[in-house]
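S.K.: One structure coming up, written as structure tokens, with questions to follow.
The values are calculated or read from the model by the stated rules, or taken from the named source; none is laboratory data. Predicted model, so just to flag it, every value in this text is computed and none were measured. Backbone-built Cβ (ideal geometry, glycine too); neighbour counts: all protein chains shown.
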Amino acid sequence: MQWNAQEENTLTRLDTSIAACIRRSIPLYQGILEEIRIRVNRPVILNVSGIHHPLELLCSHDMIQTTVQKLCSHSLYAHAETLRDGFICTEDGIRAGVCGRVVAEKGKITFLRDIHSICIRLPHRIPDAGKEIYHVLMHRQFTESVLVFSPPGYGKTTVLRELAAALSDPPMPVRVALVDTRYELGTGLENCLMLDILSGYPRNQGIEIALRTMSPDYIICDEISSPDDRQALLQCIGSGVRLCTSIHAGTLSELQCHPVLQDIPNIFQWYYGIDRNHTGTLFPAHKE
Amino acid sequence: MAVKTIGIVMLFLTAFHYSRSHQKAEDLQCGILTELCSLFSYIQKNIDCFTKSLGEIGREYTSPLLEEYGFYTIWKQHSLLHAIESMPCIPLQTRELLLQYARSAGQGYKEEELHLCRYTHEHLQEMLTMQKEERNTKNRMYRTLPYLLVLSIVLLLY
């Protein structure tokens, strides 16, 4: 397996014994390292090109705590907001999902304690991932919107990231505002010519701010799911701004029943479904 | 007579040099404590207002006096704990307090961190006040030491 600087950087954020175990195991596997999963009293699991490989090392509670501390740059308090939302995002763009025991007050999560599972997702640039969508949008003079759908972990974020890069970079750059709620979507896109990244904004507010202040041609955001997101989508109707976003759905029929999309009139012209093999299919949203 | 006078002058200069170096050491300890107090005040404000990580705070804040001992360089390269361990000229009690802070810092949420920071800052302030009082007392003694020494030798010899 090829080992790049970002993966090496990720290892420096792990407990030293976990990092050493991964370093030893890496040459055994072929493909792209997509995920590192760490759980208390369970083996470290590497997801290499979609296949899970358990390693020989059992993680202790201390190893998890050290990893959490390193991921938080030894400043847990600085990540309190995102910890409440179930993830840690490092200064260098590594994103780790975490779960543990929460302290809740009036049904609202106030603190996360005793983290016992960590899932580190390593973002990758796959330049061809959004190509098909890009060509369709280009043929329509960038006047249409697209919704990417798939179950979790199938590559929606990668497709949106590549689409953002393709849209905002030459040969035909358009103005793109990227609402990166979880500091994941904008990774590696810092040098794109016409791209404005709204990092850490709540999705609905990010869409609203982008719409009002950045005069974009396209707004790109990840994983719309809540009624607030739905409201933000409604704002885009008739504004002349196009959307590229994603949603969790297994099939086209599941997508059409999704509560977020109910009663939203013709906002998307295209649906892009990704299957288990990370292969995408483009569907017209409305039959002509 | 001339030999005695030269001897007295030499004793005076030695005592003067001894006093001066001790005064400087006392001033240095006070200076370091003052800088540490400012640092903790800065940490407290940055956690409270901007929720910045300790690493970020360490990268932003500099103090020439602490940097003379490589405090910030070590903090940036390793950790706050290493930086404190590498600092000379800190009284034992202060060192213990700072090490205690460095071992627990960053492991809690904002309120816990602020509490820890306030606790350390308050104790540092107390130590600084004590150190200043002690310095004033000691400095009085160091200032008079060469003269008293010379006077006592003059009384003994003549």
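S.K.: Can you tell me which condition A:Phe111 does not meet? The list is (1) farther than 13 Å from A:Ile220 by Cβ; (2) within 20 Å of the chain's Cα centre (by Cα), and all the others hold.
M.R.: Every condition holds for A:Phe111 apart from (2).
S.K.: Do any helices (runs of 4 or more DSSP H) entirely within the stretch B:35-147 hold 2 or more residues that are within 14 Å of chain A (Cβ to nearest Cβ), and if so, which?
M.R.: Helices (runs of 4 or more DSSP H) meeting the threshold: B:54-60, B:71-77, B:80-85, B:92-104.
S.K.: In the stretch A:246-288, how many residues are out of contact with any Leu (no Cβ under 7 Å at 6 or more places or on another chain) and in a loop (DSSP other than H, G, I, E, B)?
M.R.: Total meeting the criteria: 18.
S.K.: Additional query: State yes or no: is A:Asp92 under 30 Å from A:Pro170 (Cβ atoms), out of contact with any Leu (no Cβ under 6 Å at 6 or more places or on another chain) and either more than 14 Å from chain B (Cβ to nearest Cβ) or surrounded by 14 or more Cβ atoms within 10 Å (Cβ to Cβ) (or both)?
M.R.: Criteria not met by A:Asp92.
S.K.: Then there is this: Testing A:Phe111 on (1) in contact (Cβ under 8 Å) with a residue 24 or more places away in the chain; (2) more than 14 Å from every other protein chain (Cβ to nearest Cβ), one condition comes back false. Which one is that?
M.R.: Single failed check for A:Phe111: (2).
S.K.: When the residues of the stretch B:20-34 are narrowed to those that are surrounded by fewer than 17 Cβ atoms within 10 Å (Cβ to Cβ) and among the charged types (D, E, K, R), which ends up farthest from B:Ala102 (Cα to Cα)?
M.R.: Here the residue is B:Arg20.
S.K.: Further question: Hey, any hits in the stretch A:138-158 for a residue that's under 25 Å from B:Phe50 (Cα atoms) and crowded, with 19+ Cβ neighbours inside 10 Å?
M.R.: Scanning the stretch A:138-158, I find no residue that is under 25 Å from B:Phe50 (Cα atoms) and crowded, with 19+ Cβ neighbours inside 10 Å, so the answer is no.
S.K.: Further, regarding this structure: Filter the stretch B:55-77 down to residues that are over 16 Å from the mean Cα position of the chain (by Cα) and of a type in the set (Gly, Ala, Ser) and give me whichever is farthest from B:Leu28 (Cα to Cα).
M.R.: Here the answer is B:Gly55.
S.K.: A follow-up question, please. Within the stretch B:55-104, can you find the residues that are in contact with a Leu (Cβ under 6 Å, 6 or more places away or on another chain) and touching a residue at least 40 places away in the same chain (Cβ under 8 Å)?
M.R.: B:Cys89
S.K.: In this structure, does A:Ser117 turn out to be hydroxyl-bearing (Ser, Thr, Tyr), under 23 Å from A:Leu255 (Cβ atoms) and modelled with pLDDT of 90 or more?
M.R.: no
S.K.: Being surrounded by 18 or more Cβ atoms within 10 Å (Cβ to Cβ) and either within 20 Å of A:Asp92 (Cβ to Cβ) or at pLDDT 90 or above (or both) narrows it down to one residue among B:Lys52, B:Lys76, B:Lys45; which is it?
M.R.: After applying the criteria, what remains is B:Lys52.
S.K.: Which one of these does A:Asp15 not meet: (1) among the charged types (D, E, K, R); (2) within 15 Å of A:Leu71 (Cα to Cα); (3) within 19 Å of the chain's Cα centre (by Cα)?
M.R.: (3)
S.K.: Another question, then. At least 3 residues that are surrounded by 16 or more Cβ atoms within 10 Å (Cβ to Cβ), aliphatic (A, V, I, L, M) and away from chain B (no Cβ under 14 Å) in each: list the helices (runs of 4 or more DSSP H) lying fully within the stretch A:1-85 that qualify.
M.R.: Helices (runs of 4 or more DSSP H) meeting the threshold: A:16-25.
S.K.: Further question on the same structure: Name the residue that is farthest from A:Lys156 (Cα to Cα), counting only residues in the stretch A:33-57 that are β-branched (Val, Ile, Thr) and touching a strand residue (DSSP E or B) at 6+ places or on another chain (Cβ under 7 Å).
M.R.: This residue is A:Val40.
S.K.: Return yes or no: is A:Ser239 out of contact with any Phe, Trp or Tyr (no Cβ under 6 Å at 6 or more places or on another chain) and touching a residue at least 12 places away in the same chain (Cβ under 8 Å)?
M.R.: Judged against the criteria, A:Ser239 is a match.
S.K.: Considering only the stretch A:162-219, state which residues are among the polar types (S, T, N, Q) and surrounded by 23 or more Cβ atoms within 10 Å (Cβ to Cβ).
M.R.: Within the stretch A:162-219, just A:Ser168 meets the criteria.
S.K.: Given the residues A:Val159, A:Val179, A:Val174, A:Val148, which is the only one that is modelled with pLDDT of 90 or more, in a loop (DSSP other than H, G, I, E, B), assigned by TED's automatic domain parsing to the domain that holds A:Ser199 and aliphatic (A, V, I, L, M)?
M.R.: After ruling out the rest, the residue left standing is A:Val174.
S.K.: Which one of these is under 27 Å from A:Pro123 (Cα atoms) and either assigned by TED's automatic domain parsing to the domain that holds A:Arg175 or within 19 Å of the chain's Cα centre (by Cα) (or both): A:Ser246, A:Ser215?
M.R.: The match here is A:Ser246.
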